[in-house]
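Peer 1: There's a structure below that I have some questions on.
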Amino acid sequence: MTARDRAKLAGVKRLVAVVLVGCSAAPSAPGDASAPGDVVVDAASGPDVTLRDVPLDAGPRALAGRRCGPLEPWAQPLADYLAAGERVAMGRSFLRGIQDLTVFDGRLFLGYGDANLNLGRATPIEVRAFRAPRPDALAAEFRSDEEQLEQYRALGDSLWIAGVDATEDAWLGNVYGRVSGTWTKHRTVPNGVHVHDITRWRGSLWAVGSGATMSEWNSGNIFGHLWRSDDGARTFTVAARHHNLGRGDARFVRILPLRDALLLFGYRTGAAGTGSTVVNQRFDGTAATALGMTDPLRAIFVVETLPREGGGGMARGAASSNGALVHRAMRVSADGAAAEIDALRGRQVLDAWEDPLTREVLVLSAEGDEWSGAPLQYAVRLDVTADLTRFTELTAFITDDATRAVARWGDHVYVGRDDGALLRCELSP
């Protein structure tokens, strides 16, 4: 789906159906497929590419005070996927772009795919990474069993992916972990029809999504889920869930760890996808309860979180303002106190990424905070901040195709665009 197609769809209901992958209001019943368990693949297998040119070992270099040069086309890492999508879509729109970028273990990883058209059944959706800062250094580390790889989460010394929509179906969800250079698919999430996010808190792994038992599903009862694993994803148990009230869908789609709790962001819909309601809760380790009536996060439909060390971080999404749906970016403290980020008022945040070396945050944003409507061109700004309060501009540019992902790798900043192109700019000394 192009940026213009997505931007024309106003309202939380349509946002749920389009922006959050695989989020149909009345999901079809999963079939019964492969058995639970782990599948292990060594990411280091196959021909390697030298990393001696990657400037990542000289120590952290702060971004503040530097500038980024012209943003230029650098690589086309999705050419085969785009060709397969054209064949399958047969004129329909599909998600063409790079949806996430992250740096881990000296490599630049990218996320892509389309769970709305189930493109993972037509072409493999792979974990792809650049092993060196050259366009020809792209390698597939792992072939997923997902329609889409939407987001990577670096959790300490391991990298994780939540399986948003498995190609296998059945009543089990997937998470994927890269530990010590080895990818493992964990098909161990009970009732997990969709798994949207994963984090670490109090020494355990926690994931959120949607699903039900077979009997619950067949009777129209679907639940937003919080799952917990105490053994590195070999098994998960249900920690909390919220009900669809007997019709439509219910999900938790994002999670943000605090110092003493987890914030869970989700929704429920009425019959046929009508009457969407935001469901944002706080989990204290035992039970999940609704956020307070005066909590600034209570009514925001959160589409992305950026956890930070020690708890809290950023939450961004859609909010109602004077009868219109607008973008909101919120700063969340370790105790859960939230406030709108003043420097981003009137803007839409496209992506935010924390540098693992300097702990600075790169924020990619566009002018204008209206949720619906698509500009002919996007006036985009790239800022850096250490505290989500004071922002410094690194560069600004105009593009006619939206950008969705940003990361810093060595002495360059990389930007993923909706047409599948990967751009980069060079940082000044």
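Peer 1: How many nm is it between the label spots at Met90 and Arg298, if each spot is 7 Å from the Cα in line with the beta carbon?
Peer 2: With each label placed 7 Å out from Cα toward Cβ, I get 4.9 nm.
Peer 1: How much FRET efficiency would the formula 1/(1 + (r/R0)^6) give for Arg66 and Asp169, where r is the Cβ-Cβ distance and R0 is 45 Å, rounded to 0.05?
Peer 2: 0.40
Peer 1: Still on this structure, please answer the following. Taking the full set of protein chains and a 1.4 angstrom probe, give the accessible area of Ile398 in square angstrom, rounded to the nearest 10.
Peer 2: It works out to around 110 Å².
Peer 1: At 1.4 Å probe size, with every protein chain present, just tell me what the per residue accessible area of the stretch 213-280 comes to in Å².
Peer 2: 37
Peer 1: What nm value, rounded to one decimal, do you get for the distance between Glu309 and Thr286 when each label is placed 7 Å out toward the C-beta?
Peer 2: Modelled inter-label distance: 3.2 nm.
Peer 1: Calculate, for the stretch 56-205, the solvent-accessible area per residue in square angstrom, rolling a 1.4 angstrom probe over the heavy atoms of the protein chains.
Peer 2: Accessible area per residue, the stretch 56-205: 35 Å².
Peer 1: Something else now. Within the stretch 355-388, name every residue whose backbone N is under 19 Å away from a label modeled 7 Å from Cα of Asn322 along the Cβ vector.
Peer 2: Taking a point 7 Å out along Cα→Cβ of Asn322, the residues of the stretch 355-388 whose backbone N falls under 19 Å are 367-374.
Peer 1: Which value, in Å², gives the accessible area per residue of the stretch 295-429 when a 1.4 Å probe is used on the protein heavy atoms?
Peer 2: Values: 4940 Å² over 135 residues.
Per residue, the stretch 295-429 has an accessible area of 37 Å².
Peer 1: In debye, nearest 20: dipole of the chain around its Cα centre with unit charges on the Cβ of K, R (+) and D, E (-)?
Peer 2: 740
Peer 1: Could you give the semi-axes, largest first, of the ellipsoid that matches the chain, computed as the square roots of 5 times the alpha carbon gyration tensor eigenvalues and rounded to whole Å?
Peer 2: After scaling each eigenvalue by five and taking roots: 30, 25, 22 Å.
Peer 1: Could I ask something else about it? Can you tell me how the stretch 62-177 classifies by the Cα gyration tensor, rounded, prolate or oblate, using a/c under 1.5 as the rounded cut?
Peer 2: The shape class here is oblate.
Peer 1: Would you mind working out the magnitude of the charge dipole of the stretch 158-246 relative to its Cα centre, with +1 at each Lys and Arg C-beta and -1 at each Asp and Glu C-beta, to the nearest 20 Debye?
Peer 2: That gives the stretch 158-246 a dipole magnitude of about 320 debye.
Peer 1: While we're looking at this one, here's another question. State whether the stretch 366-429 is rounded, prolate or oblate according to the following rule on the C-alpha gyration tensor (a ≥ b ≥ c being the square roots of its eigenvalues): a/c under 1.5 gives rounded; otherwise a/b larger than b/c gives prolate, and the remaining case gives oblate. Can you show the working numbers first?
Peer 2: Working: a/c = 2.20, a/b = 1.29, b/c = 1.70.
Because a/c hits 1.5 or more and a/b fails to exceed b/c, the stretch 366-429 counts as oblate.
Peer 1: Could you give the length gained by full extension between Leu376 and Thr389, i.e. 0.36 nm per residue of separation minus their alpha carbon distance, to one decimal place?
Peer 2: Details: separation 13, 0.36 × 13 = 4.68 nm, distance 3.01 nm.
So the extension gain works out to 1.7 nm.
Peer 1: Give the residue from Thr188, Ala140, Ser215 lying farthest towards the positive end of the charge dipole for the stretch 76-226; charges sit on Cβ (+1 for Lys and Arg, -1 for Asp and Glu) and the dipole is referred to the Cα centre.
Peer 2: Final value for the positive-end residue is Ala140.
Peer 1: Which distance in nm do the two modelled labels at Arg234 and Ala79 give, with both placed 7 Å along the Cα-to-Cβ direction?
Peer 2: Here the modelled spin labels are 4.4 nm apart.
Peer 1: May I pose another question? Within the accessible area of the chain, what % is carbon and sulfur when the probe is 1.4 Å and the other protein chains stay in place? Please report the intermediate quantities before stating the final value.
Peer 2: Details: 8310 of 16740 Å².
Carbon with sulfur: 50 percent of the solvent-accessible area.
Peer 1: Quick one: if the Förster radius is 25 Å, what FRET efficiency do Val40 and Arg134 give, using the C-beta to C-beta distance and rounding to 0.05?
Peer 2: My answer for the efficiency is 0.30.
Peer 1: Excluding Asn191 itself, what net charge comes from residues whose Cβ is under 9 Å from its Cβ, given Lys and Arg +1 and Asp and Glu -1?
Peer 2: So the surrounding residues net to 0.
Peer 1: Another question, then. With only alpha-carbon atoms in the gyration tensor, what are the semi-axes of the equivalent ellipsoid for the stretch 107-151, in Å, largest first?
Peer 2: 22, 9, 8
Peer 1: Please list, in order, the residues from the stretch 168-199 whose amide nitrogen is less than 16 Å from a point placed 7 Å along the Cα→Cβ vector of Met214.
Peer 2: 169-173, 190-193
Peer 1: In whole Hz and in residue order, list the ³J(HN,Hα) couplings for the stretch 331-342 that follow from phi through the Karplus curve 6.51 cos²θ - 1.76 cosθ + 1.60, θ = phi - 60°; x for Gly and Pro.
Peer 2: My calculation for the stretch 331-342 gives 8, 10, 7, 5, 8, x, 5, 10, 8, 5, 7, 4 Hz in order.
Peer 1: Do any chymotrypsin sites (Phe, Trp or Tyr not before Pro) in the stretch 267-314 lie in a DSSP loop with no more than 10 other beta carbon atoms within 10 Å, and if so, which?
Peer 2: none
The values are calculated or read from the model by the stated rules, or taken from the named source; none is laboratory data. These numbers come from a predicted model, not from an experiment. We place every Cβ from the backbone using ideal geometry, glycine too, and count neighbours over all the protein chains shown. Areas reflect the complete protein model, heavy atoms only, side chains present, ligands, DNA and RNA absent. Shrake-Rupley method; radii C 1.70, N 1.55, O 1.52, S 1.80 Å.
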